Amino acid sequence: MAKVCRYLDAHRDRVVPLADLAKIAHSSPFTIQRKFTRVLGVSPREYQAQLRSSDVRRSLAEPGSSVTDAIYQAGYSSSSRFYEKAADDLGMSPTRFRNHGADESIRFAITRSELGLLLVAATERGVCSVMLGEDAVDLERSLREEFSAASIVRDASGMKKQIEAILAAITDHPAAVEIPLDVRATAFQARVWQALRQIPRGETRSYAQVADAIGQPSAVRAVARACATNPVAIAVPCHRVIGSDGSLTGYRWGVERKKSLLDLERRSQG
């Protein structure tokens, strides 16, 4: 697999057929696809797309960089092919990404909840951050550090709908309405986060069960990392994932909050 990855890395300027990878690995195209996905958590095509996306991000971060030059240097055959996936890969337009999100406008509000203070932030496309804590100043500081170049404003009235949606996701039954999100993710993270949103409220799954659900039974540690990097607590319910022995394990916002969340969900099922 390391040899295949090196080949994909060296030929990121073109789509590499599975047949070529099969020859390198002395295997069949079907087997190389299955094994690569099991080990890496993404398909060879997705892996190569992430390489090109990383190249674009790196080039756009350089002073005086040209969006067009960055696109072609990364191996995209045309600018249109890149722009088709730009929103998914970057979470914002290429120009905004090059400017470190300087043109991004983010609104946020902080309110009290059953779990302590709750911060919800959103762009015009959807919720981009959900944090839990005890100190409003610390929560706002964390948000501004995460989106250091964006224009961030407190807007309690404008964020009322998003706040209510997150609060409802904590306590209401049946499950709250779908919450529009605006988060960046690798192909693997997106698959994990989507799987988490399929876990019924009040229920739990082990990291191994989530790995099985996305068809990657050996990717238990990668699933755990995807849960740990979830930027939108509650909206993507990583609190519903527990250890194989039933232990609550770690949670970015504290194990006690994780337990409280699950208890609240279970009570709302009654």
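Only the coordinates and a few stated rules stand behind these numbers; no lab work does. All figures in this text were calculated on a predicted structure; none of them were measured in a lab. Cβ placement follows ideal geometry from the backbone for every residue including glycine, while neighbour counts extend to all protein chains displayed.
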Practice problem: Determine the gain in length on full extension of the stretch Ser28-Ala10; use 0.36 nm per residue of separation and subtract their C-alpha separation, reporting nm with one decimal. | Solution: 4.4 nm
Quiz item: In square nanometres, what is the average projected area of the Cα convex hull of region 219-270?
Solution: 3.9 nm²
Practice problem: State, to one decimal in nm², a quarter of the convex hull surface area for the C-alpha atoms of region 105-171, i.e. the direction-averaged projected area. | Solution: 4.1 nm²
Practice problem: May I ask you to evaluate 6.51 cos²θ - 1.76 cosθ + 1.60, the Karplus curve with θ = phi - 60°, for each residue of region 108-114 and list the ³J(HN,Hα) values in order in whole Hz, giving x for glycine and proline? | Solution: 8, 8, 10, 9, 8, 9, 5
Practice problem: Provide the convex hull volume over Cα atoms per residue for region 187-261, in Å³. | Solution: 79 Å³
Exercise. Within 10 Å, count the other beta carbons around each residue, average over each peptide in 226-236, 135-145, and list them highest first.
Key: 226-236, 135-145
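Mind sorting Ile106, Ile199, Ile24 by how few other Cβ atoms lie within 10 Å of their own Cβ, fewest first? All intermediate terms of the calculation are to be shown ahead of the outcome.
Values: Ile106 21, Ile199 18, Ile24 14.
Going from least to most buried by this count: Ile24, Ile199, Ile106.
Using 0.36 nm per residue, how much length does the chain from Ala228 to Arg125 gain when fully extended, once their Cα-Cα distance is taken away? List each step's numbers first, then the result.
Working: separation 103, 0.36 × 103 = 37.08 nm, distance 2.33 nm.
Here the answer is 34.7 nm.
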Quiz item: How many angstrom lie between the C-alpha centres of region 209-250 and region 101-146?
Solution: 23 Å
Exercise. For Thr171 paired with Asp135, estimate the spin-label separation in nm (one decimal), with each label point 7 Å from Cα along the Cα-to-Cβ line.
Key: 2.7 nm
Quiz prompt | Set of lysines near Lys161 by C-alpha distance (under 30 Å), chain-local residues within fewer than 8 positions excluded | solution = Lys85, Lys258, Lys259
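Sorted from fewest to most neighbouring beta carbons within 10 Å, what does the list Val42, Val210, Val15 look like?
Numbers: Val42 22, Val210 25, Val15 13.
So the residues, fewest neighbours to most, are Val15, Val42, Val210.
Out of the DSSP beta bridges found with both residues in region 105-171, what percent are antiparallel (nearest 5)? Provide the component values of the computation, followed by the final result.
Values: 13 of 17 bridges.
Of the beta bridges lying entirely in region 105-171, close to 75 percent run antiparallel.
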